[in-house]
Amino acid sequence: MRVFVTGATGFIGSAVVQELISQGHEVLGLARSDAAAKSLSAAGAKVHRGDLQDLDSLRAGAGAAAGVIHTGFNHDFSKFGENCENERKAVEALGSALAGSDCPLIITSGIGLLPPGHLATEQTMPASPNPNPRVASEEAGRAVADRRCPHVADLEPGRQGLTSFMPLSSNCPANTKTRKLYAKYRNRKTETG
């Protein structure tokens with residue numbers, strides 16, 4: 001399966017890229033610099049030049065893949081509000097590129113927006129309105145999910161951390177392979193405890 005990964009050379013993204021490649025997937029990684037492109041090539045990924053503000057590039061990368069994993073975020077906190085707005089636009093662009101395909105779109109985020117003192121699940125959304133500008137990308141992700149696949153399967157109920165969703169429809173040829181890989185993972189996890 002060809003997977004487009006944003007933030008592919010970042011802390012989370014580089015680990016995702018390694019895992020995907022080790023499982024036999026082809027990775028198309030977003031690279032905004034020559035150094036990032038070199039790192040991706042060395043890891044065995046294909047390079048897609050662009051950045052999170054280049055919405056046409058994001059749409060092209062998503063359109064060239066059977067699924068997208070969005071791990072990118074500009075961590076220049078002196079422009080946090082602006083970066084959050086760019087993040088919202090990036091999520092919307094990725095979602096629009098996959099519209100009608102039901103191919104998976106996985107969005108990573110942090111837990112800092114969640115209400116304190118409560119157990120959080122994949123269905124927990126930040127309070128709205130929320131003074132934190134990062135909530136815009138969370139809301140954009142939920143809106144994309146609601147438009148694209150109103151019936152999503154939560155693959156690991158109660159799981160914390162990176163969340164995995166898989167559309168139930170079979171319009172995306174990647175879904176069959178993804179389901180098989182996930183079943184293999186669950187069986188291995190059950191056998192090893």
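The values are calculated or read from the model by the stated rules, or taken from the named source; none is laboratory data. Just so it is clear, the model here is predicted, and its values are computed rather than measured. FYI the Cβ positions are ideal-geometry reconstructions off the backbone, even for glycines, and counts take in every protein chain you see. Areas reflect the complete protein model, heavy atoms only, side chains present, ligands, DNA and RNA absent. Shrake-Rupley method; radii C 1.70, N 1.55, O 1.52, S 1.80 Å.
Assorted remarks:
- Per residue, the accessible area of region 10-63 comes to 55 Å², computed with a 1.4 Å probe over protein heavy atoms only.
- Charge dipole magnitude, Cβ of K and R +1, D and E -1 - region 1-135, Cα centre, debye nearest 20: 160
- The relative contact order of region 1-156 comes to 21 percent, based on Cα pairs under 8 Å that sit 6 or more residues apart.
- Accessible-area composition of region 1-137, carbon plus sulfur, in percent [1.4 Å probe]: 55
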